[in-house]
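The values are calculated or read from the model by the stated rules, or taken from the named source; none is laboratory data. Everything quoted here is computed from the prediction, not taken from an experiment. Note: ideal-geometry Cβ built from the backbone for every residue, glycine included; neighbour counts use all protein chains shown. Just the protein is used for accessible areas: all its heavy atoms, side chains included, with ligands, DNA and RNA removed. Shrake-Rupley method; radii C 1.70, N 1.55, O 1.52, S 1.80 Å.
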Amino acid sequence: MPTAECPQCHMPTANAMGKVYCPQCGWNRGEAERQTRVFLRLLPILVILFDAPLIVWIFIGHAEVSILAVLGFVAIVPAILVVLVVKGKIRIGAIGRNPGRLT
């Protein structure tokens, strides 16, 4: 997969959580680190939010297959979100920004 070229030092760029930065000169590195920190803070909240109903339902003792299947499907949502963010399909830093502006 070809990488983009850094606009400052013209070296190949790297990708961190969908954000391009230059490991040589540090171009856009602060923004990539900020986006990674935001995602790492958000990840435990997503896991708790989506997995807690399944865990509680099991511990209460209402282990019906149909309900467990639905709650299990909901519990997979954080894993799907992680893959989409890491691949760059969803940009978590773009929330609240002008969608027409390229960063």
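Across region 74-103, the qualifying residues are those that are of a type in the set (Gly, Ala, Ser) and assigned to a helix (DSSP H, G or I), and the one among them that is modelled with the lowest pLDDT is Ala94. The sole residue among Leu42, Leu71 that is over 25 Å from Val20 (Cβ atoms) and in a helix (DSSP H, G or I) is Leu71.
The test for being part of a helix (DSSP H, G or I) and in contact with a Leu (Cβ under 9 Å, 6 or more places away or on another chain) holds for Ile58. Taken over region 14-55, the residue count meeting the criterion of being open to solvent by 80 Å² or more (accessible area, probe 1.4 Å) and over 20 Å from Val83 (Cα atoms) is 3. Of all the residues in region 50-71, those that are without any contact (Cβ under 8 Å) to a residue 24 or more places away in the chain and closer than 17 Å to Ile90 by Cβ number 0. All of (1) open to solvent by less than 40 Å² (accessible area, probe 1.4 Å); (2) out of contact with any Lys or Arg (no Cβ under 8 Å at 6 or more places or on another chain); (3) not polar (S, T, N, Q) hold for Ile58 with one exception: (1).
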